[in-house]
Protein chains: 2
Amino acid sequence: MADESEGETRSERKRAAILRAATTAFRDEGYESTSMDRIAALAGVSKRTVYNHFGGKEALLGAVFEHHLARLASRARVDWEPARPLAAQLRAFARAKLATLEDPVWTGLLRVALGVFMHHPDLVRETALRASRSDDALVSWLRAASAAGRVRVDDRERAAAQFWALIKGELFWPVIFGVREPPTPAQRDAVIDGAIELFLERYGAERPATGRGAS
Amino acid sequence: MADESEGETRSERKRAAILRAATTAFRDEGYESTSMDRIAALAGVSKRTVYNHFGGKEALLGAVFEHHLARLASRARVDWEPARPLAAQLRAFARAKLATLEDPVWTGLLRVALGVFMHHPDLVRETALRASRSDDALVSWLRAASAAGRVRVDDRERAAAQFWALIKGELFWPVIFGVREPPTPAQRDAVIDGAIELFLERYGAERPATGRGAS
DNA sequence: TCGGCACTACACTGTGCAGTGTACTTCTCG
DNA sequence: CGAGAAGTACACTGCACAGTGTAGTGCCGA
């Protein structure tokens, strides 16, 4: 939590405080309903300082968003490992991506940011591209697995999209939109396993028997 | 286009005009950026009249949303037909649901409404429930198909969720969020076919090859 | 033709907020 | 210590807009 406010310039400390304050304010109150005065107060900083650090309200939201995006980007990635069962590797993919879901700060913030960016098609597109960069990792993985003869996929893009659709459609969007409670780890794994089963039934090339590989 | 402004009370005509104006205004400008004055002007109606017909801004958005929801709800549904191939029936499901995507008024409006409702968890839940009512139709369909021995599905809810996740994940969310252009009919059908293929490979019982009887 | 309902024009309140300008204080670092 | 960068307090501009009150006008049905 308070691990980023140590041993820095006064300026950097202030900046961090503002970002933290803005994060919770935006998340809890929404964008429009959060005033810059409130953020300043919450950060224990003068309003002027907020404006000295960030161009304006919109820029501040952008900075907050970037900040957390970067924070989350430092999550593990998955590489092709010939020796490991396909299901296990796919599970790792899914878990890594869904790790963001367990970060309530992020989900709340994303909700708000989505609402705001929705009216900024350019921003959306740009940010979405960066966020879906990780989706591409699965494409590479599929290429490797395909070369190794472990999956039979002609259209890797589509297969990857399908996999993510299965995962996100059940676990991500419903949570983002508040239609569903965040899943328990057990539920989450059940969905992931279901998705992997569906996926490998079609694309997997190694099916031994009733290989519902219990790991 | 102008098919709902005929032969009605003056009051009803005005009301319709307001709804129409609000629709385009909200869709084009977003919720916050649209003033009631602007809607009134656009509808060729005095601001006071707007307030006489609708409680306030939020209520107006609600009414607009309801209006179009009702308009779209008058779309075809799909029933279990033993004689028809599974794939064809599923395709009908998918097409019916995606018909809304071809209504640009609706997508634009949904975008805005999502942004607003995002801060109203109760409203979201209620509306989402109504909107996902149609998902349930697939569950019933699966029950019938299962009883007829044409599919082997234990968890129908999950299977239905997976199907919709496949469809929406590739065609719905990306369009709503403006990450992707609306698909051409050809692209749309390609995705649908891909989803159906994946789905039936696992759940279809009329498939010759990879039989996983197990039960 | 007349009564009343719906609509209009418009002024007006009240608020909330983004963003700025400035004189003053505090911190930090050489 | 001393200078300058950064922060503070606060007053203030300007605006946009939701929502209301009212006095008058047009419309529609009986």
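Observations on the model:
- Expected 222 nm ellipticity per residue - DSSP helices of 4 or more, -39500 (n - 2.57), all of chain A, to 500: -21500 deg cm²/dmol
- Note on segment A:1-109: percent of Cα-Cα distances in each 5 Å bin, starting at 0 and stopping at the bin with the largest distance, equals 2, 11, 19, 19, 15, 10, 7, 6, 5, 4, 2, 0.
- Crossing angle, helix A:121-131 versus chain A [Cα axis fit, 0-90 degrees, rounded to tens]: 60 degrees
- Debye equation applied to the C-alpha atoms of chain B, log10 I(q)/I(0) at 0.08, 0.13, 0.19 Å⁻¹: -0.38, -0.82, -1.34
- Apolar share of the accessible surface for segment B:16-82: 49 percent from carbon plus sulfur atoms, 1.4 Å probe.
- Accessible area (Å², per residue) of chain A, counting only protein heavy atoms and a probe of 1.4 Å: 49 Å²
- Applying the Karplus relation 6.51 cos²θ - 1.76 cosθ + 1.60 with θ = phi - 60° to segment B:176-191 yields 3J(HN,Hα) values of 4, 8, x, 7, 9, 5, x, x, 6, x, 5, 4, 4, 5, 4, 5 Hz, where x marks Gly and Pro.
- Each Cα pair under 8 Å and six or more residues apart adds its sequence gap; the mean of these over the residue count of chain B is a relative contact order of 18 percent.
- Projected label points at A:R13 and A:T49, each 7 Å from Cα along the beta carbon direction, are separated by 0.9 nanometres.
- HN-Hα J in Hz across segment A:10-27 - Karplus 6.51, -1.76, 1.60, θ = phi - 60°, x for Gly and Pro: 4, 4, 5, 5, 4, 4, 4, 4, 4, 4, 5, 4, 4, 4, 5, 5, 4, 4
- Computed from point charges on the beta carbon alone (+1 for Lys and Arg, -1 for Asp and Glu), the dipole magnitude for the protein assembly as shown about its Cα centre is near 100 Debye.
- For the protein assembly as shown, lysine pairs with C-alpha atoms less than 25 angstrom apart, excluding pairs fewer than eight positions apart on the same chain, total 12.
- Rule-of-thumb Rg ratio for the protein assembly as shown [Cα; 2.2 N^0.38 Å; N residues]: 1.10
- Kirkwood radius and radius of gyration were both taken over the C-alpha atoms of segment B:10-69, and their ratio Rg/Rh is 0.91.
- With contacts taken as Cα pairs under 8 Å and at least 6 residues apart, segment B:1-122 reaches a relative contact order of 27 percent.
- Over the Cα atoms of segment B:85-144, the radius of gyration divided by the Kirkwood radius equals 1.08; this is the Rg/Rh ratio.
- Other-chain or far-sequence residues with amide H under 5 Å of B:V151's (modelled H): B:S146, B:A205
- Hydrodynamic radius by Kirkwood, which averages 1/r over all alpha carbon pairs of segment B:78-203, in angstrom: 15.6 Å
- Nearest-ten-degree value, helix A:86-98 long axis tilted from longest Cα axis of chain A: 10 degrees
The values are calculated or read from the model by the stated rules, or taken from the named source; none is laboratory data. Because the structure is a prediction, the values reported are computed rather than measured. When we count neighbours, we look across all protein chains shown, and the Cβ atoms used for this are built from the backbone with ideal geometry, even at glycine. Accessible surface areas use protein heavy atoms only, side chains included; no ligands, DNA or RNA. Shrake-Rupley method; radii C 1.70, N 1.55, O 1.52, S 1.80 Å.
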